[in-house]
Ligand SMILES: [Zn+2]
């Protein structure tokens, strides 16, 4: 059984907040070993590339990872990859559903 506590902050991790699942989706690699969990926000190197109104904005201050120091082309590509993976993770984990008529995503429990 995999641990559901974040290996960085020790708090429990819901599937839709888990950076290891996010990475498995982003890299289309289900063989990533999911034997530990980490909040996406506890992984700023990945979190900084999730650009979405429903996701807290993050900065990775470590020079080798900070996207503000990277070429725009690279940043655009990675933002697209990680943001799309994040949206997919919200759907897969049941936090959001796709409206079958409009194709739009809706958070569950949101007023219609
Ligand atoms: Zn954490």
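All of the numbers you see were taken from the coordinates with simple rules; none came from a lab. Computed from a predicted structure; not experimentally measured. When we count neighbours, we look across all protein chains shown, and the Cβ atoms used for this are built from the backbone with ideal geometry, even at glycine.
Table for the structure above
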item	result
Relative contact order, percent, the chain [alpha-carbon distance under 8 Å, six or more residues apart]	22
FRET efficiency, 1/(1 + (r/R0)^6) with R0 35 Å, evaluated for residue 102 and residue 56 via beta carbons	0.85
Mean projection area, nm², convex hull over Cα of the chain	8.4
Gain on full stretching of the segment that runs from residue 91 to residue 74 - 0.36 nm per residue minus C-alpha separation	3.5 nm
Among 60, 76, 99: highest mean-square fluctuation, GNM of the chain, C-alpha pairs under 10 Å	99
